[in-house]
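Here's the structure, in structure tokens; my notes come after.
The values are calculated or read from the model by the stated rules, or taken from the named source; none is laboratory data. Note that the structure is predicted; figures quoted are calculated from it, not measured. Ideal geometry is used to build each Cβ from the backbone, glycine not excepted, and the neighbour counts take in all protein chains shown.
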Amino acid sequence: MSSDLPVIDVGDLMTAAPQRAEVARRIGEACRAHGFFYVVGHGIAPELIARLEALSRQFFALDEATKLQWRMALGGRAWRGYFPLGGELTSGRPDWKEGFYLGTELPDEHPLVRAGTPVHGRNLFPDVPGLRDTVLAYMAAVTRLAHRLMEGVASSLGLPADYFAARYTADPLILFRLFNYPSHPVPEGSDAQWGVGEHSDYGLLTILLQDDVGGLQVKTPGGWVDAPPIPDSFVCNIGDMLDRMTGGLYRSTPHRVAINRSGRDRLSFPLFFDPNFFSRVQRIDGLVGAPAVDDSAERWDRANVHAFHGRYGDYLMAKVGKVFPELRSQVL
């Protein structure tokens with residue numbers, strides 16, 4: 001399974017260069033054909049990425065009892081913290097990974113936190129020196145990149161560059177994950193069959209940093225293909241809400257992660273750049289070629305994203321309870 005996913009140099013999106021239109025065209029082409037693409041020329045400092053990887057390995061190397069001091073059950077409605085191997089479900093089956101959930105850092109006195117808004121609040125930062133500052137710096141840098149990429153997406157659709165910022169992402173919902181896929185075997189009797197089972201992402205845009213081990217697979221019209229690591233790149237894919245907004249012109253593509261049998265633990269870091277929790281998702285008027293049909297028979301979960309009407313937070317919360325059913329009562 002070799003990858004034919006496009007690699008796009010997005011450096012010109014960071015400037016006022018006239019080549020921005022060509023970058024936007026390539027992004028649009030990738031969104032129509034695959035829903036996935038690599039980005040290079042993104043401007044994120046290699047030193048920041050290296051620190052994030054090194055400090056995350058320090059955390060995951062701790063014994064489980066120590067890591068559970070920051071378990072998700074202590075994160076409450078903010079939906080933050082650590083979960084152990086098999087603790088997250090995809091389509092009802094446990095994934096063979098462990099992870100740490102993070103997001104925009106909000107103080108307890110913030111109005112959204114005081115109101116009990118789900119997935120808003122403080123992070124539970126592990127006691128690993130330097131990890132807090134590194135995570136916050138990384139999230140800020142990748143969020144800036146996401147804003148530029150969404151300008152490219154807007155331009156690719158013939159829309160003003162600030163289309164999404166003006167309607168959905170002036171204050172985006174940022175969710176960030178540290179994932180570790182261990183190389184030791186799945187225990188006998190476990191129901192885990194994948195590092196992460198087949199799924200599509202919920203929001204607008206996912207920006208994924210993966211280490212050099214690999215394992216990500218993408219479902220294309222020609223079958224499943226690998227999305228192997230490319231040095232100094234991110235893997236980007238669009239989510240259900242961009243599929244919904246574009247009437248299916250840009251598809252939220254299913255993907256999965258294989259069980260890690262490399263002999264080395266695998267790290268990955270997805271940042272989800274999503275609409276504001278309270279924004280009401282609507283189809284973009286006038287897009288040429290947008291089918292806006294019920295495509296549920298073709299989707300991995302048989303769900304029709306084009307039937308959704310309402311706030312993005314409502315869509316997200318409907319998914320949350322299926323991923324961590326034991327935390328459902330705390331978040332919903």
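Quick notes on this one:
- Qualifying residue in segment 57-70 (condition: in contact (Cβ under 8 Å) with a residue 12 or more places away in the chain and touching a helix residue (DSSP H, G or I) at 6+ places or on another chain (Cβ under 6 Å)): no
- Of the helices (runs of 4 or more DSSP H) lying entirely inside segment 1-116, the ones with 2 or more residues being of a type in the set (A, V, I, L, M) and surrounded by fewer than 19 Cβ atoms within 10 Å (Cβ to Cβ) are found at 20-33, 46-60, 111-114.
- As a summary of the residue check, Ile174 satisfies the conditions (1) modelled with pLDDT under 95; (2) in contact with a Ser or Thr (Cβ under 8 Å, 6 or more places away or on another chain) except for the one numbered (1).
Residue-by-condition table, conditions (1) buried (at least 18 other Cβ atoms within 10 Å of the Cβ); (2) in a loop (DSSP other than H, G, I, E, B); (3) touching a residue at least 60 places away in the same chain (Cβ under 8 Å):
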site: Ser155; (1), (2), (3): yes, no, yes
site: Ala166; (1), (2), (3): no, no, no
site: Ile174; (1), (2), (3): yes, no, yes
site: Tyr250; (1), (2), (3): yes, yes, yes
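- Residue match in segment 256-267 (condition: of a type outside the set (D, E, K, R), closer than 20 Å to Leu102 by Cα, touching a residue at least 40 places away in the same chain (Cβ under 8 Å) and in contact with an Asp or Glu (Cβ under 9 Å, 6 or more places away or on another chain)): yes
- Cβ pairs under 6 Å, 6+ apart, first in segment 301-329 and under 21 Å from Phe273 (Cβ atoms) and at pLDDT 75 or above, second of a type in the set (A, V, I, L, M) and outside any loop (DSSP other than H, G, I, E, B): Tyr312/Val281; Val320/Val331; Val323/Leu89
- Candidates in segment 192-212 are the residues that are surrounded by fewer than 18 Cβ atoms within 10 Å (Cβ to Cβ) and over 25 Å from Met317 (Cα atoms); of these, the one that is nearest to the chain's Cα centre (by Cα) is Asp212.
- Filter result for Val23 (hydrophobic (A, V, I, L, M, F, W, C), within 22 Å of Ala227 (Cα to Cα) and more than 20 Å from the chain's Cα centre (by Cα)): yes
- Subset of segment 117-153 (residues that are assigned to a loop (DSSP other than H, G, I, E, B) and either small (Gly, Ala, Ser) or over 25 Å from Phe278 (Cβ atoms) (or both)): Phe125, Pro126, Asp127, Val128, Pro129, Gly130
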